[in-house]
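To start, the structure itself, in structure tokens.
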Amino acid sequence: MTNSKPWLWLLVASLAFNVYFGAVVGTHFFRDPRGPGPGPGPGRPGMMILDMAESLPEPDARILRQAYEAHKSQFPDEPGQPRGFERMREILAADPFDLEAFLKEESEFRANRAREGAVIGTILAEALPKMSAEGRKRLADHRPPPPPRPR
């Protein structure tokens, strides 16, 4: 009976290896070849403001959120990112290349980004004078999340 224990351990080790190997091969086989999607990012205009509010003391976060709520209707209906990037990629990949379509899309993209930036500036201009020095310091130290990886 003592001779059967090494075989038992070998069987368990073999089973564990096969499960691990199957998981590695399975995830490689079923993953998206374009890589991970954009993930959480600027899904709606002003998301940056709400992200910034998360890093603030609660009274300052409340001030920033109130300013956001007061001005969120001023954001363009379509955010400058990520759909603008996606449409420009589609135009770039098309054959034949349509320069007019690209320039039109790029112009709309820039205009949306400028409108978003103006509203964000308005929100900050309203909120910052009401915030504590600590809150403004945290905003100064705030770093946005890295941009999403392209698909």
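The values are calculated or read from the model by the stated rules, or taken from the named source; none is laboratory data. Keep in mind it's a predicted model, so treat the numbers as computed, not measured. Using ideal geometry, Cβ is built from the backbone for each residue, glycine included, and neighbour counts are taken over all protein chains shown.
Regarding ASP51, is this residue out of contact with any helix residue (DSSP H, G or I) (no Cβ under 9 Å at 6 or more places or on another chain), surrounded by 11 or more Cβ atoms within 10 Å (Cβ to Cβ) and either within 25 Å of PRO144 (Cβ to Cβ) or at pLDDT 85 or above (or both)?
yes
Taking the stretch 117-151, which residues are part of a loop (DSSP other than H, G, I, E, B) and modelled with pLDDT of 85 or more?
Of everything in the stretch 117-151, those that are part of a loop (DSSP other than H, G, I, E, B) and modelled with pLDDT of 85 or more turn out to be MET131, SER132.
Suppose we keep only residues that are aromatic (Phe, Trp, Tyr) and within 19 Å of the chain's Cα centre (by Cα) within the stretch 62-85. Which one would you say is modelled with the highest pLDDT?
Checked the stretch 62-85; the qualifying residue modelled with the highest pLDDT is PHE75.
Can you confirm whether GLY135 is in contact with an Asp or Glu (Cβ under 7 Å, 6 or more places away or on another chain) and either assigned by TED's automatic domain parsing to the domain that holds GLN66 or not β-branched (Val, Ile, Thr) (or both)?
yes
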